[in-house]
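This report concerns only the one structure given below.
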Amino acid sequence: MKRDVPDARFTPDVALLCCKQCLADPGVTSGLLEAKGCRARLVVLPCSSKLEGSYLLKILANGTDAVQVVGCPEGACRFGVGSRMALKRVERARGLLDEIGFGAERLAMERTTGLGRQDLAALAAGRAEAIRPLGASPMKGDEKA
Amino acid sequence: MIIGEWKPVAELVETLRGRKKVLVAGCATCVAECAAGGEREVETLAPLLRMGLKKKGHDVEIVTHTIERQCEWEFVEELEKVLGGVDAVLSLACGIGVQAVAERFQDVPIYPGVNTTALAIREEPGLWTARCAACGDCVLGETFGLCPIARCAKSLLNGPCGGTHEGGKCEVNHDNDCVWCLIYERAKARGAVDSLIEVKRSKGWSSSSHGGQKRMLREDLRS
Ligand code: SF4
Ligand code: SF4
């Protein structure tokens, strides 16, 4: 459900799940990421192909406001169709989030590569802006599963 | 295998509204193969239910457990250890599994999370098609191994119907091959088209689903 007036003080928690093949600097590791307007946490994945919808939904069910997945562009995935299949699972999960009225925008995937810290921060900030109208997750403080 | 698909999640959220602790029970056999009720689907549905219920103002604890088969008493027994405090079970098994769990644990309400749809084969990743309707009087020997009951929209025993669409597609659903075209092609390849000209004997339907619950009894297997 959209709020009429977005809360400007709302600082979304964003999880950024990024395939390591998409990073320009292989030295970038998982951890907090400085990004505008949100608290971003970067998780570097060995490969996006193994991402299950259940992992993404559990992150959201545990109170994270938004999840941004990053996988390789078509043709660049070292697993062939890995990132394409990951995108399909993300799309299915987005549909299910919409179905329960939670907002598909809380989850999204980009297929891009050569990312530096600035690019990663921009992706997290972009996802935070996309969900600002939705407000904070109703699951805040509800870490159970 | 038996196939099925999730009921709409919004419908499941409504069904479970007001429950405090729900067990989402999976089955690792047919419904796992058709991506409806195995561990992966159980673990996908559980957070969705939590979020959907929370969005409607309901806090719920969801526990999950997937057993080898919900359609066999020995395996069903395993659910007892996870039922403590549970006030509803959502089973992602086929209708057989749901009934077995409901019969074994009669004190707790059980709900189906899956609509059981057919006896089917996986054609390719992500596509399953019905191959048998369990009619109880198999005619595959006369139809070159292709089932006209499950695969013809009109279950014709003497087909095709005359409405077959271009490219050998069924007139009722153009996504499906007309099974009578396939039967003809197979008969032709075997040099046996003449056998299709004979009008087929009437099929016995008394062993289908119209005579009440089917029973199969084998005295030699009973102690
Ligand atoms: S003829 Fe009957 S038993 Fe044989 S495959 Fe078709 S539905 Fe199943
Ligand atoms: S087109 Fe073929 S499969 Fe479809 S109803 Fe007619 S005979 Fe049956």
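The values are calculated or read from the model by the stated rules, or taken from the named source; none is laboratory data. This is a predicted model, so every value here is computed, not measured. Counting neighbours? That spans all protein chains shown, and the Cβs are built from the backbone with ideal geometry, glycine included. These area figures cover heavy atoms from the full protein model, side chains too; ligands, DNA and RNA do not enter into them. Shrake-Rupley method; radii C 1.70, N 1.55, O 1.52, S 1.80 Å.
Placing dummy labels 7 Å off each Cα toward the beta-carbon, the span from residue B:17 to residue B:61 is 2.4 nm.
Interface of B with A. Using a 1.4 Å probe and counting protein heavy atoms only, the two chains hide about 1700 Å² of accessible surface, both sides summed. Placing a pseudo-label 7 Å from each Cα along the Cα-to-Cβ vector at residue B:158 and residue B:96 gives an inter-label distance of 3.5 nm. For the range A:62-85, the residues whose backbone nitrogen is under 20 Å from a point 7 Å from the Cα of residue A:9, taken along Cα to Cβ, are A:65.
Relative to the longest principal axis of the Cα atoms of chain B, helix B:95-104 runs at roughly 40 degrees. Given a 1.4 Å probe and every protein chain left where it sits, what share in percent of the accessible area of the protein assembly as shown is carbon and sulfur? C and S fraction of accessible area: 51 percent.
Antiparallel beta bridges, as assigned by DSSP with both residues in the protein assembly as shown, represent about 35 percent of the total such bridges. Altogether, the Stokes-Einstein calculation at 20 °C and 1.002 mPa s, with the Kirkwood radius of chain A over Cα pairs as Rh, returns a diffusion coefficient of 141 µm²/s. Pair-distance distribution P(r) for the range B:2-118, from all Cα-Cα distances in 5 Å bins starting at 0: 2, 14, 26, 26, 20, 9, 3, 0 percent. Taking other residues whose beta carbon is less than 13 angstrom from the beta carbon of residue B:121, and scoring Lys, Arg as +1 and Asp, Glu as -1, yields 0.
Approximating the spin labels as points 7 Å out from Cα along Cα→Cβ, the residue B:129-to-residue B:74 distance works out to 3.6 nm. Residue B:186 label point, 7 Å along Cα→Cβ, cut-off 13 Å on backbone N: hits in the range B:145-176? What the label zone holds, given the 13 Å backbone N cut-off, is B:145-152.
Taking every full run of DSSP H in chain A, the ones that stretch at least 15 Å from end to end by Cα along their long axis and average 0.0 or higher on the Kyte-Doolittle scale are A:117-131.
Interface residues of the range A:95-134, defined as a loss of at least 20 Å² in heavy-atom accessible area between the chain alone and the complex of all protein chains with a 1.4 Å probe, are A:96, A:99, A:100, A:102. Since only B:161, B:141, B:126 are under comparison, the one whose Cα sits farthest along the positive direction of the charge dipole of the range B:110-189, derived from C-beta charges on Lys, Arg, Asp and Glu, is B:141. Note that the protein assembly as shown carries a Kirkwood radius of 23.8 Å, evaluated over its alpha carbons pair by pair.
Could you work out [θ]222 nm for the protein assembly as shown from helices alone, using -39500 (n - 2.57) per DSSP H run of at least four and dividing by all its residues? Round to the nearest 500 deg cm²/dmol. It lands at -8000 deg cm²/dmol. Over the range B:134-211, accessible surface divided per residue gives 61 Å², non-protein components excluded, 1.4 Å probe.
Only residues of the range B:28-44 count here: report those whose backbone N is under 15 Å from the spot 7 Å along Cα→Cβ of residue A:99, or say none. Flagged as within label range: B:35-38, B:41-44. Alpha carbon centre of the range B:18-38 versus the range B:174-223: separation in Å? Measuring centre to centre over Cα atoms gives 33 Å. Ranking B:58, B:34, B:47 by Cα position along the charge dipole of the range B:19-61, where only Lys, Arg, Asp and Glu carry charges on their C-beta atoms, puts B:58 farthest toward the positive end. Compactness of the range A:1-72, taken as the C-alpha radius of gyration over 2.2 N^0.38 Å, stands at 1.23.
Along the range B:9-25 the Karplus relation, 6.51 cos²θ - 1.76 cosθ + 1.60 evaluated at θ = phi - 60°, assigns HN-Hα couplings of 4, 4, 5, 5, 4, 4, 4, 8, 3, x, 6, 9, 9, 10, 9, 9, 9 Hz to successive residues, with x for each Gly and Pro. In terms of its alpha-carbon gyration tensor, the range B:134-211 comes out oblate; a/c meets the 1.5 threshold, while b/c is at least as large as a/b. FRET efficiency for the pair residue B:119 and residue B:206, taken as 1/(1 + (r/R0)^6) with r the Cβ-Cβ distance and R0 = 22 Å, rounds to 0.65. Under 5 Å from the amide H of residue A:115 lie the amide H atoms of A:23, A:24, each residue being 5 or more positions distant or on a separate chain, with H modelled from the backbone and absent for Pro and chain starts.
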